[in-house]
Structure formats: structure tokens, C-alpha cells
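Notes for the one structure printed next.
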Amino acid sequence: MSDALPPPAPAAPGGSDAFALLVADVYEAAGALRRLGERTAATEGLTQARWQVLSAASEQPVTVPQAARRLGVTRQNVQRVANDLVERGHAAFADNPEHRGSPLLTLTPTGRTALERITERAAAHHRVLLGTLPEQEVTAARALLRRLLTELDREERAAAD
């Protein structure tokens with residue numbers, strides 16, 4: 001049995017109902033993509049959270065707070081995941097010459113290999129999905145989501161002031 005929700009009822013054009021349905025669809029898509037990410041990461045014995053932290057440290061070593069900011073999650077959450085990655089041999093902590101109390105998270109060869117394999121599997125899933133969606137529509141959807149994120153950032157900054 002599918003866990004997908006039934007299609008939403010049509011909304012009044014241009015109204016707040018359309019926006020509310022967009023938000024609901026974004027959450028539903030995020031959930032489906034998270035489930036796909038969990039299945040993809042599991043092929044290497046990892047979770048999506050571990051995959052994300054490996055990815056955050058893949059280009060250059062990062063501190064836990066830097067990884068948390070990049071991923072938009074709490075430092076404590078990243079610290080738990082980083083500790084787990086170190087324990088499993090996928091990552092290591094290295095001395096940070098700029099801050100003794102905040103070591104740098106680096107990938108081990110095992111971690112880099114796992115990340116590469118997961119990334120390859122994810123790319124294959126993306127190619128299949130994109131084969132069913134017109135590129136122009138994907139580009140337009142992304143542009144709309146980027147504009148929405150800009151507005152949400154603006155609102156968040158205004159609320160913080």
C-alpha cells in the first residue's frame with residue numbers, strides 16, 4: 001500500500017489556498033525525498049544524516065559548527081552524527097590550527113568511498129526521475145523555490161530584528 005497522500009483538491013487561483021497547497025506539496029516532496037535518501041544511504045550502511053555530514057566535510061575539513069550551519073541543523077545533532085562517523089571509521093577529527101577547542105572533521109578513505117558510492121546511486125535515481133519531468137518545468141520550479149527561500153530568509157531576518 002502506498003503511503004502517498006491523495007492529490008490535493010484544486011485551489012482558488014492566486015489565493016492563499018494555492019500557497020498553502022504549495023507548502024503542503026513541498027513538505028510531501030521533502031518527505032518522499034528523505035525516504036529515498038534513507039534507502040540510498042542504507043546501501044552503504046549509513047543514514048541520510050551521516051550522508052549529509054560526510055558531504056558537508058567532503059570538499060574540505062570543517063568544524064562541527066560549520067557543518068551544522070551549512071546543513072541548517074543544530075550543532076548537537078551534527079556532533080552526535082560526526083562522533084558516530086568517527087566511531088565507524090568513515091571520518092576522523094584533526095587538530096584545528098585556528099581553534100584548539102573545535103577540531104576539524106575529515107573524511108577517511110572509507111568515508112570518501114562510501115560517499116562516492118552513495119552519490120553515484122543518488123545521481124542514478126535523479127536521472128530516472130528527471131527522465132519523467134520536462135527540464136524546463138524543473139528549472140521553473142527551482143526558480144520559484146529559490147525566490148520563496150529568499151522571501152523566507154527576508155522574513156526570518158526581519159523577525160529577528
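Name the residue, out of Glu38, Glu44, that is open to solvent by less than 50 Å² (accessible area, probe 1.4 Å) and either aromatic (Phe, Trp, Tyr) or modelled with pLDDT of 90 or more (or both).
So the residue among Glu38, Glu44 that is open to solvent by less than 50 Å² (accessible area, probe 1.4 Å) and either aromatic (Phe, Trp, Tyr) or modelled with pLDDT of 90 or more (or both) is Glu44.
Identify all residues within segment 102-112 that are within 9 Å of His90 (Cβ to Cβ) and in a helix (DSSP H, G or I); write none if there are none. Lay out the reasoning, then the answer.
At the first step, the residues of segment 102-112 found to be within 9 Å of His90 (Cβ to Cβ) are 107-108, 110-112.
If the condition is that a residue be within 9 Å of His90 (Cβ to Cβ) and in a helix (DSSP H, G or I), then Thr110, Gly111, Arg112 are the ones that fit.
Within segment 126-140, identify whether any single residue is open to solvent by less than 100 Å² (accessible area, probe 1.4 Å), in contact (Cβ under 8 Å) with a residue 40 or more places away in the chain and not β-branched (Val, Ile, Thr), and answer yes or no.
no
Pick from segment 83-125 the residues that are of a type in the set (Ser, Thr, Tyr) and touching a His at 6+ places or on another chain (Cβ under 7 Å): which of them is least open to solvent (accessible area, probe 1.4 Å)? Spell out how you get there, then give the answer.
As a first pass, look at segment 83-125 and keep what is of a type in the set (Ser, Thr, Tyr): 102, 106, 108, 110, 113, 119.
Keeping just the survivors that are touching a His at 6+ places or on another chain (Cβ under 7 Å) gives 108, 110.
Details: Thr108: 29, Thr110: 79 Å².
Taking the candidates together, the pick is Thr108.
Within segment 49-101, work out how many residues are of a type in the set (S, T, N, Q), part of a loop (DSSP other than H, G, I, E, B) and farther than 20 Å from Ala114 by Cβ.
3
Which of the residues that make up segment 55-89 are over 19 Å from His99 (Cβ atoms), of a type in the set (Gly, Ala, Ser) and within 16 Å of the chain's Cα centre (by Cα)?
Correct list: Ser55, Ser58, Gly72.
Given the structure, is Thr139 assigned to a helix (DSSP H, G or I), within 22 Å of Ala49 (Cα to Cα) and of a type in the set (S, T, N, Q)?
In short, no.
The values are calculated or read from the model by the stated rules, or taken from the named source; none is laboratory data. Note that this is a predicted model, so its numbers are computed, not measured. Every residue, glycine as well, gets a Cβ built from its backbone with ideal geometry; the counts of neighbours run over all protein chains shown. For the accessible areas, the whole protein counts, side chains as well, though only heavy atoms, and no ligand, DNA or RNA atoms are used. Shrake-Rupley method; radii C 1.70, N 1.55, O 1.52, S 1.80 Å.
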